[in-house]
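> Next up is a structure, given as structure tokens.
The values are calculated or read from the model by the stated rules, or taken from the named source; none is laboratory data. Note that this is a predicted model, so its numbers are computed, not measured. With ideal geometry, Cβ positions are generated from the backbone for all residues, glycine too; neighbour counts draw on all protein chains shown. Accessible surface areas use protein heavy atoms only, side chains included; no ligands, DNA or RNA. Shrake-Rupley method; radii C 1.70, N 1.55, O 1.52, S 1.80 Å.
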Amino acid sequence: MNQIAFNDFISAYSDLKNELDEAYQQVMASGWYVLGEQVLRFEEEYAQFCGTKYCVGVANGLEAMQLALYGWGIGPGDEVIVPSNTYIATWLAVSHVGATPVPVEPEPKSFNIDPARIEEVITCRTRAILVVHLYGQPADMDPINSLAQRYGIKVLEDNAQAHGATYHGRVTGALGHAAAHSFYPTKNLGAIGDGGAITTDDDVLADRLRVLRNYGSRKRYYNEEKGFNSRLDELQAAFLRVKLRHLPGWNMKRQWLASHYIRIFKSMQEGVRGRVLMPQVQPGIEHVWHLFVIRTGARDLLKDKLADEGVQTLIHYPVPPHLSQAYADEFWGKTYPLAEQLSATVLSLPMHPFLKEEAMGRIMAKVAQFASE
Ligand SMILES: *Cc1c(COP(=O)(O)O)cnc(C)c1O
């Protein structure tokens, strides 16, 4: 029986082999490997793609968030609102600058932070809302931005999962005061290693980030402040420039695959749709399907049945941050029921631009059979 893998990096490489190999050779032959021409060009191209004035390349998505918060002067004594259901990196960025993450539960339909529940946790210490566009679907930004404006706080997007997604026609990365992007290999725009960036229209922040990422220095060996080492390297920038050109096409492929999954499921279901829920796209939004996440009360059983068929699935994420050991002290006895319910019921099916129709048919046949049992 053929195995169906969750992701397929080998096909992604084969597809772009000529361009990626050329990028590699160009950087190797240049003799310049950190913060050079490729990073500059990628920053221009990605800022243009997002529709922001600036893009600052950094080492990874976690540090992109951390540096943005730090760059705004957010630190000990401050609170930052985060989703209760996200990858732990979102919370860690807040903790690592010394601030306190304040969780807000999601809207179950979109899996994204529920704007209606934000105001009740705003205090005089709240400095920012860190919004995650989970699984590739932008959060409902208009009410979030108006709240932020009313309370004079910042909005930072965690855009690790939604490169190229749109909210009322505007691209993620330009929907708040700044956005942190991860280019970890599994992401829609993925490097061949680690990478990250911050996009923003904020002149002061962009300027400070360029200094902070490079030991606090603008001029070599002259250090204005106690900076960090968080740089995007030339090879990754060169690979990202190649991949950015293919991102819109690959996102379209993911969109087609997602609607195909849902179409097959519906055609097999005819009314018995209770046991398995398909993902939903909210109005005004273009989802880029970083992950295709279904829900079922008998999640572990379905996961095992798919594994028996050779289908690899993953859970994003099995433990909500407040229940992880990392936050055991701070969040002892606290409960976020929706995040807990999601972590017990979500299941991510294979999703990548090289997924075959035949594989999708096999996967959905199993899911639909399970749903009607
Ligand atoms: C991948 C991811 C990150 C972290 O990105 P790294 O580049 O691995 O540091 C942060 N937030 C979310 C939601 C992610 O999916």
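> Write down the percent of antiparallel bridges among all DSSP beta bridges whose residues are both part of the stretch 140-200, to the nearest 5.
Antiparallel: roughly 70 percent of the beta bridges in the stretch 140-200.
> Another question, then. Straight-line reach from LYS187: which lysines fall under 24 Å, measuring Cα to Cα and dropping same-chain residues less than 8 apart?
LYS17, LYS53, LYS109, LYS243, LYS253, LYS303, LYS356
> I'd like to know which of ASN112, THR100, GLY136 lies farthest towards the positive end of the charge dipole of the stretch 69-143, counting +1 on Cβ of Lys and Arg and -1 on Cβ of Asp and Glu.
THR100
> Further, regarding this structure: Can you give me the Cα centroid spacing of the stretch 112-184 and the stretch 24-78 in angstrom?
For the stretch 112-184 versus the stretch 24-78, the Cα centre distance is 20 Å.
> Determine the equivalent ellipsoid of the stretch 244-347 by diagonalising the alpha-carbon gyration tensor, then write out the semi-axes as square roots of 5 times the eigenvalues, largest first, rounded to whole Å.
They are 28, 20, 14 Å, listed largest first.
> Name the GluC sites (Glu not before Pro) in the stretch 177-277 that are in a loop by DSSP and that have at most 12 other C-beta atoms within 10 Å, would you?
Sparse-neighbourhood loop GluC sites (Glu not before Pro): GLU225, GLU270.
> Also, I was wondering about something else. Cross-link candidates for LYS219: which aspartates and glutamates have Cα within less than 15 Å, leaving aside residues fewer than 8 places away along the same chain?
Cα-Cα hits under 15 Å: ASP207.
> Output ³J(HN,Hα) for the stretch 287-296: one whole-Hz value per residue in order, computed from phi by the Karplus curve 6.51 cos²θ - 1.76 cosθ + 1.60 with θ = phi - 60°, and x for Gly and Pro.
Each residue's phi maps through the Karplus curve to give 7, 10, 6, 4, 9, 10, 10, 9, 10, 7 Hz.
> Taking the DSSP beta bridges in the chain as the whole, what percent of them are antiparallel, to the nearest 5?
Around 60 percent antiparallel, to the nearest 5.
> Could you list the chymotrypsin sites (Phe, Trp or Tyr not before Pro) in the stretch 33-110 that lie in coil according to DSSP, counting only those with at most 14 other Cβ atoms within 10 Å of their Cβ?
TYR33
> Quick check on the chain: helices-only [θ] at 222 nm, where DSSP H runs of length 4 and up contribute -39,500 (n - 2.57) each and the sum goes over total residues. Nearest 500, please.
-13000 deg cm²/dmol
> Please give me, ordered by residue number, the chymotrypsin sites (Phe, Trp or Tyr not before Pro) of the stretch 327-373 that lie in loop per DSSP and have at most 12 other Cβ atoms within 10 Å.
Sparse-neighbourhood loop chymotrypsin sites (Phe, Trp or Tyr not before Pro): TRP332.
> Roughly how far apart, in whole Å, are the Cα centres of the stretch 239-316 and the stretch 332-354?
After rounding, the separation between the Cα centres reads 14 Å.
> For the chain, which whole percent of the accessible surface, found with a 1.4 angstrom probe, sits on carbon and sulfur atoms?
53
> State in Å² the accessible area per residue of the chain; use a 1.4 Å probe, count heavy atoms of protein chains only, and round to the nearest integer.
Heavy-atom accessible area per residue stands at 44 Å².
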